[in-house]
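Below you'll find the structure, written out as C-alpha cells, and then a few comments.
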C-alpha cells in the first residue's frame with residue numbers, strides 16, 4: 001500500500017480513536033490493536049499504529065503496567081529554532097576554518113623556500129603554531145557540524161512523529177504549531193509460541209497541536225514511537 005493510502009488509513013483510525021476515547025482507554029487500545037495486527041500479519045495496520053513497526057513472536061500478551069501520561073509543551077518550534085541557529089553558526093565558521101587552512105598552507109611553502117637552517121627552523125615553528133590554530137578551528141567546526149546534524153535529525157524525527165500522530169500526509173507549517181504532547185510508557189508481558197516469557201516496553205505519544213495563525217486545532221491520536229525488549 002502506498003504512502004497516500006497509509007495516511008488515509010491513519011486519518012480513519014484517528015476518527016475512530018476520537019469516538020472511542022470517551023468509553024475506553026485509547027492508549028491501551030492502540031497496543032491491543034497492534035498485537036491484533038501482528039497476529040493477522042497485517043503490516044499495513046502495524047504501519048499506521050507504530051512509527052517503526054516491529055514484529056513480535058507471541059502466543060499471548062498482557063499489559064502489566066500503563067504509566068501516567070506526561071504532558072509537555074509542543075517542542076517543534078524550539079527544535080526548529082535551535083536547528084536554524086546551529087546552521088547559522090556552522091555557516092559562519094566556514095570562513096575562519098578555510099582562512100586558517102590557507103594561512104597554514106602558505107606557511108608550509110615558506111619552509112620549502114627557506115635557504116638557511118635558521119630560516120627553516122623559524123618557518124617550521126611558524127607552521128607548528130599555525131597547525132595548532134588550524135586544528136583548533138577544525139575541531140570547533142566538527143563539533144558545530146555534529147551539533148547541527150543532531151539538531152536537524154531530532155527536529156525531523158519530531159516532525160515525522162507529529163504528522164504521524166495527527167494522521168495527515170503533510171502540514172507545511174507543522175514546525176510552527178503550538179500545543180501539547182503527551183507521552184507514556186507501557187510494560188507488556190509476552191508469552192511466545194515456544195512458551196517463553198519476555199517483557200517489552202512500549203513508548204507512546206499523542207500530539208494535540210494548534211495553528212495560531214488559522215486558529216485551528218489539530219488533535220492527534222496515540223501512536224507507538226518505540227518498542228524494546230527488556231528481558
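Observations
- Residue in the range 86-107 that is touching a helix residue (DSSP H, G or I) at 6+ places or on another chain (Cβ under 8 Å), touching a residue at least 60 places away in the same chain (Cβ under 8 Å) and buried (at least 17 other Cβ atoms within 10 Å of the Cβ) present: yes
- Residue, nearest to the chain's Cα centre (by Cα), within the range 214-229, restricted to residues that are touching a residue at least 40 places away in the same chain (Cβ under 8 Å) and either outside the structural domain of residue 58 (by TED's automatic domain parsing) or within 11 Å of residue 54 (Cβ to Cβ) (or both): 226
- Residue 167 meets all of the listed conditions (1) under 21 Å from residue 78 (Cβ atoms); (2) not assigned by TED's automatic domain parsing to the domain that holds residue 56 but one, namely (1).
- Among the residues of the range 39-62, those identified as within 21 Å of residue 167 (Cβ to Cβ) and surrounded by 12 or more Cβ atoms within 10 Å (Cβ to Cβ) are 42, 43, 44, 45, 46, 47, 48, 49, 50, 51, 53, 54.
- Search result, residues across the range 47-80 that are in contact with a strand residue (DSSP E or B) (Cβ under 9 Å, 6 or more places away or on another chain), in a helix (DSSP H, G or I) and under 20 Å from residue 222 (Cα atoms): 48, 49, 76
- Among the numbered conditions (1) without any contact (Cβ under 8 Å) to a residue 60 or more places away in the chain; (2) over 28 Å from residue 229 (Cβ atoms); (3) assigned to a helix (DSSP H, G or I); (4) in contact with a helix residue (DSSP H, G or I) (Cβ under 7 Å, 6 or more places away or on another chain), the only one that residue 140 does not meet is (4).
- Residue 83 being exposed (fewer than 14 other Cβ atoms within 10 Å of the Cβ), modelled with pLDDT of 95 or more and outside any loop (DSSP other than H, G, I, E, B): no
- Residues in the range 158-195 that are within 24 Å of residue 52 (Cβ to Cβ), without any contact (Cβ under 8 Å) to a residue 24 or more places away in the chain and surrounded by fewer than 18 Cβ atoms within 10 Å (Cβ to Cβ): 170 alone.
The values are calculated or read from the model by the stated rules, or taken from the named source; none is laboratory data. Note that the structure is a prediction, hence the values are computed from the model and not measured. A quick note on method: Cβ atoms are made from the backbone with ideal geometry, for glycine too, and the neighbour counts reach across all protein chains shown.
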